[in-house]
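Visitor: Quick one: the structure is below, questions incoming.
The values are calculated or read from the model by the stated rules, or taken from the named source; none is laboratory data. Just so we're clear, the structure is a prediction, and the values are computed from it rather than from any experiment. Counting neighbours? That spans all protein chains shown, and the Cβs are built from the backbone with ideal geometry, glycine included.
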Amino acid sequence: MSNKADGSNSWSPTEERDVSLKRIMPPAPENELDYKPLDGGWGWMVVVGAHISIGFAYSTPKVLSVFFIDIQEQLGASYSEVAWISSIMLAVMYAGGPVSSLLVNRFGSRPTVILGGLLCGVSMVTASFGNSIVYLYFFIGVIGGCGLSLNLNASLTIISKYFLNKRPIANGLAMAGSPVFLCVLAPANQYLLHMFGWRGSLVILGGLMLNCCVAGALMRPVVLPRKPEKVEERPNLCTKPQQSCRNNAKKFLDLTFFKDRGFVIYLIGNVFFIFGAYAPIVFLSAYAIRQGVEEYSAAYLLSIMGFVDMFVRPGTGLIASSKWIRPRIQYFFGFAMVFNGMCHLLCPLVKCYAYLVAYAIFLGVSFGMVFALIFECLMDLMGNERFPSAVGLVTIIECFPILLGPPTAGYLVDIYKDYKYLFFMCGGVVVTGGLFLLVMNIYYYHMLEKEKPAAVREQNQTKTIENQDLVSASASRKYQSPERSMAGEC
Amino acid sequence: MAECCFIHFSRGDVSHRVRASTLHAGESHTENVELLNPVNLALQCTWTGNQNKLPNITGFWRKDGDEVENSRVTVQLEGDEYELKRVFSIVSEESLGSYSCVFGSEAKIEFVLAAPQIGEVRDKPIVSYVGDSVVIACKMEETKPKPGSWNWYKANGTDKEQIFVVAEPLRYEIKNEERKTKLVVHNLTEADGGLYYCGAVYAISTTMGHVELKVISFQEPLKPFIAIVIEVIVLVAAILLYEKSQSKKNYTEGSNRETQGENNGPEGSSSTRQRKI
């Protein structure tokens, strides 16, 4: 299935222009881009929309912690009970990936993001009337999490539709939404808390999340020019609507992805990364305070990290779209992961505040690099057609490391009463993931190169047959009636 | 450097405690003394003197800035040090405060006598809504001795009025644990806003902590919320209308090109292009 060597660029007329795409890594197959992606124009507005949407998705579970102490007091819950709100929201956001993929495949990004925004807004406003912690678990955690998961998947998909050459930059800019919104929402939430208490703040936060609907409105669907050949090539989807529904159902949790070696390598590397990446951030202030840094300065470390992250993500996107890196983007991703892991491993050597600030900066850089590339690499591997389903599958699998990572690290701290084992574990896991990606990718692309000569011969054969078909097809199908070609848009 | 030492002995049912503090040249010093019960407290100050070690100097005691009656004595230089000692009877809240021993006109050691203070005081007000219930909490740290009981007071102008649950059982609830206390106020009205004081009761006195409560109506957050909703609707409408106007423009230009099935993307369009038959 994944014989990427036969990935003939179906946008061949434009390929000669795009010399930058001359890749060492073969491009993803099945790129049904029979059109040249805009790579600009309205695409940048779509990036703004994705930035907002992704920003809310990643930052909301974190900034809700501002309200926890008040909620804890008023509802009489313990701190760990209240902290579950964030965990449930994050878990549902990741677990909702496949549902989100289904909606995006069926309806497109715009309606999905608008629905996601409405769900988030309604969930927060309803949650503000809550009088028990379980009520909050349901409305903020489950319903809010569903809304966020719709946002995430749809935003990433629409970027892959609008960009190709400049896709890494677009991804970097869109993913930068996460640190930007974190830096904006955290103090904003503090302010709202003092003005309106936690209930009023949830109402206003719900209102702010309705801006995801604005983001969705910006995500203008890409109108594909209708080609007669397309109707010929995919008769199943056009003439038999029931079969198309069955195909969509199969795509809900498409386990055939696991046959794709590139996908499995990516998935394993990612799981390692996600397991080890978040715990150091969660425990950074506590570690700093243990080293004798005062509370306010320790909190400042996280702000430094977020601030650096904000700029590194688009910067990494810029670097990744350069003609040296773009063909080797999977290696760049592996390198960024190893860099991140090395930072964690070196942290326990650092005791004084100045070095902790340096650690926070390097952490921001490496974290930003990985996250700018994390979805770009998946788009690169899977291609536009399979990306929405792939990202849904990836996020639901990532649900487990993201929920297990920080508590496991916390458990280590409880047993050994020393933070250094936390950093060693997390750094070790992340470095393993990065090295795994690097080594396996080198091996994998090496194997593909070996398989290429055989496949190229095969490809040339099929291409001549196709060309003959095209000639006869265009002769007879040239004057398609509009209704017939409409049926092609299943 | 000031050092202090602590000697404790009891006689009968009233315990005597001695608190000592030593002051070197050119310094003043403050000692915090935590008291729980009424006690006869002996305070002792030792001073090593300055450059001219006079054989006799005057020493006296102050309480809260005022000189204690009959406390002025002449202190002899003994073993290169001057010493002042006095026993104070600390029985009630009035006896607590700041006691200072003064040598001549320069050296001073201050003893601040107080019951355990509530350390974690919430500085930001609690915001709640009309008709809602609110929980106001106070906590005494683990490191400090636990109070006998807790009282709650509401500020009334400059006074404090104690809150008795029996008087209004439907509105107030007090839940006491050893080191924590919670006041629950039901059915809030705007008049319920203001300062609330929690008092940790010790034998010697009651220490206070305060929390501010703000009661607002639910319309307060509703106004910014509606403003944001209007902004969202306006923006979404604007974006969709803009898109519609753009697509109308493109439709008139591009409809002539649809049936040609080109995949080179839009070229320079000409509105004079005719549909091929």
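Visitor: Please determine, by comparing only the residues of the range B:227-265 that are within 9 Å of chain A (Cβ to nearest Cβ) and outside any helix (DSSP H, G or I), which one is modelled with the highest pLDDT.
Guide: So, considering only residues that are within 9 Å of chain A (Cβ to nearest Cβ) and outside any helix (DSSP H, G or I), the one modelled with the highest pLDDT is B:ARG257.
Visitor: A follow-up question, please. Would you confirm whether or not the range A:348-359 contains a residue that is of a type in the set (D, E, K, R) and part of a helix (DSSP H, G or I)? Reasoning before the result, please.
Guide: First pass over the range A:348-359, keeping only residues of a type in the set (D, E, K, R): A:351.
Next, only the ones that are part of a helix (DSSP H, G or I) stay: none.
No, there is no match, as no residue in the range A:348-359 is of a type in the set (D, E, K, R) and part of a helix (DSSP H, G or I).
Visitor: Inside the range B:147-166, can you point out the residues that are more than 21 Å from B:GLY131 (Cβ to Cβ), free of Cβ contacts under 8 Å to residues at least 40 places away in the same chain and aliphatic (A, V, I, L, M)?
Guide: Listed by number, the list holds a single entry, B:VAL166.
Visitor: Give A:GLU451, A:GLU458 a once-over and let me know the one that is more than 30 Å from A:MET337 (Cβ to Cβ), modelled with pLDDT of 65 or more and touching a helix residue (DSSP H, G or I) at 6+ places or on another chain (Cβ under 8 Å).
Guide: On the way: A:GLU451 fails: more than 30 Å from A:MET337 (Cβ to Cβ).
That would be A:GLU458, the only listed residue that is more than 30 Å from A:MET337 (Cβ to Cβ), modelled with pLDDT of 65 or more and touching a helix residue (DSSP H, G or I) at 6+ places or on another chain (Cβ under 8 Å).
Visitor: State all residues of the range A:274-291 that are β-branched (Val, Ile, Thr) and in contact with a helix residue (DSSP H, G or I) (Cβ under 6 Å, 6 or more places away or on another chain); if no residue qualifies, say none. Please lay out each step first, then the result.
Guide: So the first thing to find is which residues in the range A:274-291 are β-branched (Val, Ile, Thr), and the list is A:274, A:281-282, A:289.
Passing the criteria: A:ILE274, A:VAL282, A:ILE289.
Conditions tested, residue by residue: (1) under 21 Å from A:GLY145 (Cβ atoms); (2) under 20 Å from the mean Cα position of the chain (by Cα); (3) buried (at least 23 other Cβ atoms within 10 Å of the Cβ); (4) at pLDDT 65 or above.
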position	(1), (2), (3), (4)
A:ALA174	yes, yes, yes, yes
A:TYR191	no, no, no, yes
A:LEU205	yes, no, yes, yes
A:LYS227	no, no, no, no
A:GLU232	no, no, no, no
A:PHE252	yes, yes, no, no
A:TYR278	yes, yes, no, yes
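Visitor: Let me ask something additional. On the given criteria, is A:GLY216 crowded, with 24+ Cβ neighbours inside 10 Å, facing chain B (nearest Cβ under 9 Å) and in contact (Cβ under 8 Å) with a residue 24 or more places away in the chain?
Guide: Answer is yes for this residue.
Visitor: Then there's this: Being under 44 Å from the mean Cα position of the chain (by Cα), modelled with pLDDT under 90 and not acidic (Asp, Glu): is that true of B:LEU222 here?
Guide: For B:LEU222, the condition - under 44 Å from the mean Cα position of the chain (by Cα), modelled with pLDDT under 90 and not acidic (Asp, Glu) - is not met.
Here is a yes/no grid of residues against (1) within 22 Å of the chain's Cα centre (by Cα); (2) at pLDDT below 85:
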position: A:ASP6; (1), (2): no, yes
position: A:SER10; (1), (2): no, yes
position: A:LYS36; (1), (2): no, yes
position: A:ILE52; (1), (2): yes, no
position: A:GLU73; (1), (2): no, no
position: A:MET93; (1), (2): yes, no
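Visitor: Tell me the residue from B:ALA203, B:ALA155 that is surrounded by fewer than 18 Cβ atoms within 10 Å (Cβ to Cβ), more than 14 Å from chain A (Cβ to nearest Cβ) and under 28 Å from A:LEU193 (Cβ atoms), please.
Guide: B:ALA155
Visitor: Quick one: which residue in B:GLU173, B:GLU161 is of a type outside the set (A, V, I, L, M), within 14 Å of chain A (Cβ to nearest Cβ) and part of a strand (DSSP E or B)?
Guide: Going through B:GLU173, B:GLU161 in turn, just one is of a type outside the set (A, V, I, L, M), within 14 Å of chain A (Cβ to nearest Cβ) and part of a strand (DSSP E or B): B:GLU173.
Visitor: From the list B:LYS144, B:LYS182, pick out the single residue that is in contact (Cβ under 8 Å) with a residue 40 or more places away in the chain and in a strand (DSSP E or B).
Guide: Checking each option against the conditions leaves just B:LYS182.
Visitor: Test A:VAL365 against the criterion of being modelled with pLDDT of 90 or more, over 21 Å from A:ASN165 (Cβ atoms), part of a helix (DSSP H, G or I) and within 11 Å of the chain's Cα centre (by Cα), and give yes or no.
Guide: no
Visitor: Same structure, new question: Does the range A:393-405 contain at least one residue that is over 16 Å from the mean Cα position of the chain (by Cα) and aliphatic (A, V, I, L, M)?
Guide: Yes, the range A:393-405 has at least one match.
Visitor: Could you tell me which numbered condition B:ALA191 fails, if it satisfies all but one of (1) within 21 Å of B:GLY131 (Cβ to Cβ); (2) under 21 Å from the mean Cα position of the chain (by Cα)?
Guide: Just one mismatch for B:ALA191, condition (2).
Visitor: For B:VAL130, state whether it is of a type outside the set (Asp, Glu), in contact with an Asp or Glu (Cβ under 9 Å, 6 or more places away or on another chain) and within 14 Å of chain A (Cβ to nearest Cβ).
Guide: Working: of a type outside the set (Asp, Glu): yes; in contact with an Asp or Glu (Cβ under 9 Å, 6 or more places away or on another chain): yes; within 14 Å of chain A (Cβ to nearest Cβ): yes.
The answer is yes for B:VAL130.
Visitor: Another question, if that's okay. Since A:ALA320 meets every condition but one in (1) surrounded by fewer than 23 Cβ atoms within 10 Å (Cβ to Cβ); (2) of a type in the set (A, V, I, L, M); (3) more than 21 Å from A:VAL429 (Cα to Cα); (4) under 20 Å from the mean Cα position of the chain (by Cα), which condition does it not meet?
Guide: (1)
Visitor: Just to be sure, is B:LYS85 within 30 Å of B:GLU177 (Cβ to Cβ) and touching a residue at least 24 places away in the same chain (Cβ under 8 Å)?
Guide: Working: within 30 Å of B:GLU177 (Cβ to Cβ): no; touching a residue at least 24 places away in the same chain (Cβ under 8 Å): yes.
So B:LYS85 does not fit the description; no.
Visitor: What pairs come up if the first residue lies in the range A:348-373 and is within 22 Å of A:VAL180 (Cβ to Cβ), the second is among the aromatic types (Phe, Trp, Tyr) and not in a loop (DSSP other than H, G, I, E, B), and their beta carbons are under 6 Å apart, counting only those six or more places apart or on different chains?
Guide: A:SER366/A:PHE339; A:LEU373/A:PHE333
Visitor: May I pose another question? If I filter the range B:102-127 down to residues being within 14 Å of chain A (Cβ to nearest Cβ) and in a strand (DSSP E or B), which single residue comes out as surrounded by the most Cβ atoms within 10 Å (Cβ to Cβ)?
Guide: Only one residue tops the list, namely B:VAL127.
Visitor: Name the residue that is farthest from A:VAL46 (Cα to Cα), counting only residues in the range A:177-213 that are within 8 Å of chain B (Cβ to nearest Cβ) and touching a Cys at 6+ places or on another chain (Cβ under 9 Å).
Guide: Here the answer is A:GLY206.
Visitor: Is it the case that some residue within the range A:111-123 is more than 13 Å from chain B (Cβ to nearest Cβ), surrounded by 20 or more Cβ atoms within 10 Å (Cβ to Cβ), under 21 Å from B:ILE226 (Cβ atoms) and touching a helix residue (DSSP H, G or I) at 6+ places or on another chain (Cβ under 6 Å)?
Guide: Yes; the residues of the range A:111-123 include at least one that is more than 13 Å from chain B (Cβ to nearest Cβ), surrounded by 20 or more Cβ atoms within 10 Å (Cβ to Cβ), under 21 Å from B:ILE226 (Cβ atoms) and touching a helix residue (DSSP H, G or I) at 6+ places or on another chain (Cβ under 6 Å).
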